[in-house]
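Throughout, read-outs are computed from the coordinates displayed, never taken from laboratory work. Note that the structure is predicted; figures quoted are calculated from it, not measured. Cβ: placed from backbone, ideal geometry, glycine included. Neighbour counts: every protein chain shown.
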Amino acid sequence: MKNIILGVTLVIVTAVCIVFLLQNGDHVRVNLFHLSTPEKPLWMFVLGAFFAGITLTVFFTFVMYLSLKSQIRKERKESQNLHKELHQLRNQPIDELPQDQNVEVATLVPEEE
C-alpha cells in the first residue's frame, strides 16, 4: 500500500513538473548587479534554483550531522566515565570514605525508658 501511494505521488509530481515546464517556456535574462545571463527559458532558471537549494540543504544537513555525531561521541565518553566512577563507588567498602570527604559517623544510642 505504501508503494502504491508513493508511486501515485511520484506520477502526480512528475505531471505537475511537466505542465510547469511547458507553460514557462518564455525566454528571460537574469541580471545580478553587473552580471547578466544569456536568454534562457524560465524553467531552466527555476530548475537551477531548485537544485541549488537541494544541494545547499544537503551540505548544511551533512555539516549538522557531523557536529551532532561529535557531540554524541563526547557525551558517550562522559557517560562511560561516570559509569566507571559509579562502579568504583559501589565497590568501595562502607567503612572506607573518600579522602576528600569529612563525614561524621552517627552511632545509635538506645533510648532510656
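What does the charge add up to near residue 80, with Lys and Arg as +1, Asp and Glu as -1, over the other residues with Cβ less than 13 Å from its Cβ?
+2
Any lysines with Cα under 18 Å of the residue 77 Cα? List them, leaving off those in the same chain fewer than 8 positions away.
Within the straight-line cut-off, residue 77 pairs with 69.
Treat each spin label as a single point 7 Å out from the Cα along the C-beta direction, and report the residue 79 to residue 1 distance in nm.
3.5
Residue 28: net charge of surrounding residues, Cβ under 13 Å, Lys/Arg +1, Asp/Glu -1, itself excluded?
Once all neighbours under 13 Å are counted, the net charge is 0.
Relative contact order of the chain, please, whole-number percent, based on alpha carbon pairs below 8 angstrom and at least 6 residues apart.
12
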